[in-house]
Amino acid sequence: QRGSTEALAAVAGSQYDPAAIRNRYIVPVDGGEFRFTHALVRDAIYDTLLGPVRRNLHARAAAYFAGRDLPLHARHLALAGDPGASDAYRAAAALAMDMAAFDLAAELAAAGLTLSPQPATVSDLALMQGRALASLGQTQDAIAAFGRAIQSAGDGVSRARAEIALASALRVVERSDEAFQLLAEAETRLENTEALSDLADLWSL
């Protein structure tokens, strides 16, 4: 419902006219920010936009937020119908994981998974979703996400990484026999690879 006038100007381009916005009392501008007077006003304006116009504006917004706000960049790409949206969600979820923002990471990964991305991207997103859910204590949901990551994995290392993560979650719910079996399978996949970090995780677990 609010944003910066800089972002608004970037999206509107040559049509940006702050004086006209103020005079209509639709979007008050104050201190470099604008705010819709009510969410219903925002929604009504948005609903009047034709599909191609709407997608074009979302694409402009995505370009503006690239490098500034990865979650907003990904969301606008998705609303613009851009095929790169799932990869943008993956990058945004990874950043959220690095910042220990596990709720946000799980949300972003789930959003990316709704876009029917390539199997390798599905595996990465599901793995991040599972790790975020595990960090939030939602172990059963994490187990389901790790299972999806395994099914979509495109190579042995990716599959092994997901198997190690699933084994860790199974340990929490005392399914140790299954966990050890997964670790044995993952170790076989990682033989003669350079995935030393993954092997370290496996042996530590």
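The values are calculated or read from the model by the stated rules, or taken from the named source; none is laboratory data. Predicted, not measured: the structure shown is a model, and the values here were computed from it. With ideal geometry, Cβ positions are generated from the backbone for all residues, glycine too; neighbour counts draw on all protein chains shown. The area values use the complete protein model at the heavy-atom level, side chains included, leaving out ligands, DNA and RNA. Shrake-Rupley method; radii C 1.70, N 1.55, O 1.52, S 1.80 Å.
Remarks
- Total residues in region 21-76, condition touching a Ser or Thr at 6+ places or on another chain (Cβ under 7 Å) and modelled with pLDDT of 90 or more: 0
- Screening 61, 12 for residues that are of a type outside the set (D, E, K, R), part of a helix (DSSP H, G or I) and in contact with a helix residue (DSSP H, G or I) (Cβ under 6 Å, 6 or more places away or on another chain) leaves exactly one candidate, 61.
- Taking the criterion of being assigned to a helix (DSSP H, G or I) and surrounded by 11 or more Cβ atoms within 10 Å (Cβ to Cβ), the residues of region 28-45 that qualify are 41, 42, 43, 44, 45.
- Count of region 98-131 residues which are open to solvent by 40 Å² or more (accessible area, probe 1.4 Å), at pLDDT 95 or above and of a type in the set (A, V, I, L, M): 3
- Members of region 130-181 that are out of contact with any Leu (no Cβ under 6 Å at 6 or more places or on another chain), more than 24 Å from residue 108 (Cβ to Cβ) and free of Cβ contacts under 8 Å to residues at least 24 places away in the same chain: 174, 175, 176, 177, 180, 181
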